[in-house]
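Worksheet: one structure, shown below.
The values are calculated or read from the model by the stated rules, or taken from the named source; none is laboratory data. Keep in mind that this is a model prediction, so the values were computed, not measured. Backbone-built Cβ (ideal geometry, glycine too); neighbour counts: all protein chains shown.
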Amino acid sequence: MNLLKYWKKYTGLILVIICLLIVQAYCDLALPSYTADIVDVGLTNSGIEYAAPVKISKSMLDVLEMFLTDEQQDIIHNYYDLKENDIYELNSKGKKHMKQIDEILSLPMVMVLQMSAATEDEMGSQVEQLFYGYNAGMVTKEEIMTILDNVKTKMSEYGDSLVKSQAIAFVKAEYERIGVDTDKIQKDYLKKEGTTMLLYAVIAMAAAILTGLTASIVGAGVGMNLRNKVFKKVIGFSNAEIDKFQTSSLITRSTNDIQQIQMVTVIFLRMVLYAPVLAIGGIIKVLKTDTGLEWIILAAVLSILCVVLLLVKVAMPKFKIMQTLIDKLNLVSREILTGVLVIRAFGREKEEEKRFEKANTELTKTQLFTNRVMTFMMPVMMLVMNAVSVLIVWMGAKGIDKGKLQIGDMMAFITYTMLIIISFLMLTMISIMLPRASVAANRVEEVLTTEPTIIDADDTEENDKKLVKSEGVLVFDKVNFAYPGACGNALENISFTAKPGETTAIIGSTGCGKSTLVHLITRFYDVTEGKITIDGIDIRDVSQHKLRELLGFVPQKGLLFSGDIESNIKFAGDFVTDDDMHMAAEIAQANEFILSKRDKFKSEIAQGGTNVSGGQKQRLSIARAIAKKPKIFLFDDSFSALDYKTDVVLRKALKEKLSNSTVVIVAQRISTILHADNIIVLDEGKIVGMGTHEKLLKNCEAYKEIAKSQLSEKELKGGIA
């Protein structure tokens, strides 16, 4: 059902594929019939298709008419015209007429052939004696018809194919007697049938190529659309959804899982849709051959279905486990690769190798199990195919021996049976991939159907307009927040106001909720109780896009994107000019190292900023936020990698250049927030102090403890300038 939903957009192309598959199946199913005709007609019967002779001597037709009723004689004379040298020529070669003549003349021809072959003396043959007696009135018409009925009864023990074959042998002998070139008839027939077969083969090949091309286009399109949908969905996820799925799993779902769906789409459209068309067509063709061997196909198909159902039932649970193990392997790989320096520093290489080996071994064992189960399928299918071929030859040989079946018909029956079995083999191939793709589709669908917990209100347009000229007054009003699934609040009863032109600092011990507080402002999470407002408007009543337009966020861990320095500083958008970039770099104290590089602002930045130092990465992150010119700056411990001198100069530049903006700084170092207009002290998610540095030293014990651990006596007494 998920696949059908993904394919809906490509309904037109899928209909084209179905039409092409029907054309291909028609051509493929036509070829065995032509092969049978070439063997039975072209080779065995020298290219003579019908017992209705194109030319026949008057004397021989007179003999045959001896075995015909008056009505039948009239029909024959309507189809033949007497030409020179007492030769009758057929005046109509339509299939309907030829078959009617076949029905009338076949048995008399067989009778004449057998009576002629039963005597050694041609002049004294039984046929001549009977013909003479009939013309002389010694043998009546009723007696001849009685003889004919006896022969007909005897021949019914065999088959129509034997009667027709002997009748054609009679026609061939007649052609040779009257001088018709039978070699030319045979060559012309073989050329005609061979050319037709070649044409069908070319059409089938063209249909197969176009089907493969179209199926590939649909598969690639489905993969592209799914990747786009998943990416857009994940981009809209809050931290809660990201934490729920985990980054490694989202990467697997966006790549490996969608690749599985894309692969199955191509195979499904190319093979699975073709299989039933081929099977149904093959069954219809088999039923038309009238061999009496249809039960063999039924037995083969039932055997194949039993094997497939058994294997799918065994393998399906393992495929579900396999995708989870791929997630786990990706998680371990990602952790090891991103933390390789720490691993080396602590000498944990062997332990991490063991952890990776364990995850890899679990996945390998599961893959080996599923592969072994599915590998078992092919030998079984080949056994069924070979057993069916042997059984058809065995039973067909008996039919040929009794004259009920021709060699070409048996060859065609074997071919059609193989096509039917191959069509079911195609279905078994998809049964190998479908369980895994089914799991993949469910995992992708799980992402697509997950609704983000952070969503825009129904009507935010009016509030967005109000904030076009925002002042940037940020207010926390009795805010409580608890992480999803947590027992208690991470933040409790938080109330403060951050005003434009002022610096509001947040400090506290590790894990007290400083970064969480900043994440509430950006709506990475939503408050549990209370509200956060900007210029008196609840941020939940503003679109996320507009809210984040007002914010310049610098995360705790500096993150850069692959590209160059310019693209990273101008990351906010095209509205950032070169002047804005230079100004931002100057304020962030990044000019020093940027201008020392050969390519200046065009210097390359590797993925994640691995080719710059921690301090340079942090300064570029700060410059990126400044270049955006937001109303509210959020610095989440963004100065930790800076030396004291750079820290002081940078904060002084921020104070001078961004005097109209609201600045919120989360810091571990008191020296960073010493001159903040308002310092908020957090302890276990609660505000335990608020005010200036001097005020907090007097009134807040928690702040005093932090200050004593970081500052000297001289600095505590105001020695820091």
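Sort out which residues of region 518-555 are over 22 Å from K244 (Cβ atoms) and either in a loop (DSSP other than H, G, I, E, B) or touching a Cys at 6+ places or on another chain (Cβ under 9 Å) (or both), and write them in order of number.
The answer is D535, G536, V542, S543, L550.
Quick check on this structure: which one of S216, S165 is under 21 Å from the mean Cα position of the chain (by Cα), small (G, A, S) and over 30 Å from Q544 (Cβ atoms)?
S216
Let me confirm something: among L250, L278, L302, L298, which residue is more than 26 Å from S333 (Cβ to Cβ) and surrounded by 14 or more Cβ atoms within 10 Å (Cβ to Cβ)?
After ruling out the rest, the residue left standing is L278.
Tell me whether region 268-282 contains one or more residues that are modelled with pLDDT under 75, more than 19 Å from the chain's Cα centre (by Cα) and at negative phi.
So far as region 268-282 goes, no, none of its residues is modelled with pLDDT under 75, more than 19 Å from the chain's Cα centre (by Cα) and at negative phi.
If N239 satisfies every condition in (1) within 24 Å of the chain's Cα centre (by Cα); (2) over 28 Å from C27 (Cα atoms); (3) surrounded by fewer than 20 Cβ atoms within 10 Å (Cβ to Cβ); (4) not assigned by TED's automatic domain parsing to the domain that holds D327 but one, which is the exception?
N239 satisfies every listed condition except (1).
Name the residues in region 464-483 that are at pLDDT 85 or above and among the polar types (S, T, N, Q), would you?
Of everything in region 464-483, just one residue is at pLDDT 85 or above and among the polar types (S, T, N, Q), namely N480.
For every residue, the table says whether it meets (1) over 21 Å from L250 (Cα atoms); (2) assigned to a helix (DSSP H, G or I); (3) free of Cβ contacts under 8 Å to residues at least 24 places away in the same chain.
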{"residue": "D327", "(1), (2), (3)": "no, yes, no"}
{"residue": "L331", "(1), (2), (3)": "no, yes, no"}
{"residue": "I336", "(1), (2), (3)": "no, yes, yes"}
{"residue": "G347", "(1), (2), (3)": "yes, no, yes"}
{"residue": "E352", "(1), (2), (3)": "yes, yes, yes"}
{"residue": "K365", "(1), (2), (3)": "yes, yes, yes"}
{"residue": "N371", "(1), (2), (3)": "yes, yes, yes"}
{"residue": "V380", "(1), (2), (3)": "yes, yes, no"}
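Which of the residues that make up region 67-85 are loosely packed, with under 13 Cβ neighbours inside 10 Å, in contact with a strand residue (DSSP E or B) (Cβ under 8 Å, 6 or more places away or on another chain) and not in a strand (DSSP E or B)?
Of everything in region 67-85, just one residue is loosely packed, with under 13 Cβ neighbours inside 10 Å, in contact with a strand residue (DSSP E or B) (Cβ under 8 Å, 6 or more places away or on another chain) and not in a strand (DSSP E or B), namely K83.
Here are some conditions: (1) closer than 18 Å to V468 by Cα; (2) at pLDDT 85 or above. I626 meets all but one. Which one does it not meet?
Of the numbered conditions (1) closer than 18 Å to V468 by Cα; (2) at pLDDT 85 or above, the odd one out for I626 is (1).
Here's a check for you: in region 34-45, which residue that is surrounded by 19 or more Cβ atoms within 10 Å (Cβ to Cβ) and within 16 Å of A167 (Cα to Cα) is farthest from the chain's Cα centre (by Cα)?
Here the answer is N45.
I'd like the residue in region 468-491 that is in contact with a Phe, Trp or Tyr (Cβ under 8 Å, 6 or more places away or on another chain) and part of a strand (DSSP E or B) and, out of all such residues, is surrounded by the fewest Cβ atoms within 10 Å (Cβ to Cβ).
Within region 468-491, the match that is surrounded by the fewest Cβ atoms within 10 Å (Cβ to Cβ) is V475.
Out of all the residues in region 504-517, which are in a strand (DSSP E or B) and either small (G, A, S) or out of contact with any helix residue (DSSP H, G or I) (no Cβ under 7 Å at 6 or more places or on another chain) (or both)?
Once the filter is applied, which keeps residues that are in a strand (DSSP E or B) and either small (G, A, S) or out of contact with any helix residue (DSSP H, G or I) (no Cβ under 7 Å at 6 or more places or on another chain) (or both), region 504-517 yields T504, A505, G508.
So is L309 surrounded by fewer than 20 Cβ atoms within 10 Å (Cβ to Cβ) and free of Cβ contacts under 8 Å to residues at least 40 places away in the same chain or not?
yes
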